[in-house]
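Participant: Pasting a structure here, questions to come.
The values are calculated or read from the model by the stated rules, or taken from the named source; none is laboratory data. The structure displayed is predicted, hence computed values, not measured ones. For the accessible areas, the whole protein counts, side chains as well, though only heavy atoms, and no ligand, DNA or RNA atoms are used. Shrake-Rupley method; radii C 1.70, N 1.55, O 1.52, S 1.80 Å.
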Amino acid sequence: MKILLIDDRKEDRESLAELLGAYDYAVAAVSTGAEGLEYLKKHGADVVFLDIVMRKKNGIEILKDIKALSPEQDVILITAYATLESAVEGIREGAYDFLKKPFTNDELFAALGRVRQRRQLLETGNEARIADFSREIIKSLCNFRIGSKPVGQKIARKALIEFLNEDIRGKHLLTHREKEIVEEIENGLSDKK
């Protein structure tokens, strides 16, 4: 799996690149959105880790540029200044996932696993497995933390209803089954089987 890191904090960029490299991921790391876009044009990447708070251009603006270049690009936003609003905005603009710094190795590799699993499921078209996978994404949003407390299902459901309207669902290229699950959540059903 080819990974591109875009983070203007040298220490964060280098430590994450070193960790991923130790697990045999092919990693490129750049400090600006412009460098990241140039890299993607020339080399491509399976996953982009993108910091939200950067000096020259913020990560949400860079995310928009990445999605304009490659709408299917998987982007995982990372930030030390996480809010539910920034998570919602990032997902609204096409981010696949969201990690709050400092994140654990388990959280990092779980996010990469979700990207890999989603790609495999889309290739095979297995509707039952896609449903299970979608529940995991929903649980991830429900467990999003503000400070030390998870936001919980009620707030997460409200956030989903806010941004998962029909045109945004299309932007995320949800499968038919994923759209059904989002509609079930909007109608108040649980993320449990």
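Participant: Starting from 0.36 nm per residue, how many nanometres of slack lie between E85 and S15 once their C-alpha separation is accounted for?
Facilitator: 22.5 nm
Participant: Tell me, in nm to one decimal, what length is gained between F103 and Y23 on full extension, where the rule is 0.36 nm per residue of separation less the Cα-Cα distance?
Facilitator: Between F103 and Y23, full extension yields 27.1 nm more.
Participant: Let me ask another. Given the whole protein assembly as supplied and a 1.4 Å probe, what does the accessible area of D8 come to in Å², nearest 10?
Facilitator: 20 Å²
Participant: Whose amide H sits under 5 Å from the amide H of K2, counting only residues 5 or more places off or on another chain, with H placed in the peptide plane?
Facilitator: The list, which skips near neighbours in sequence, is D46, V47.
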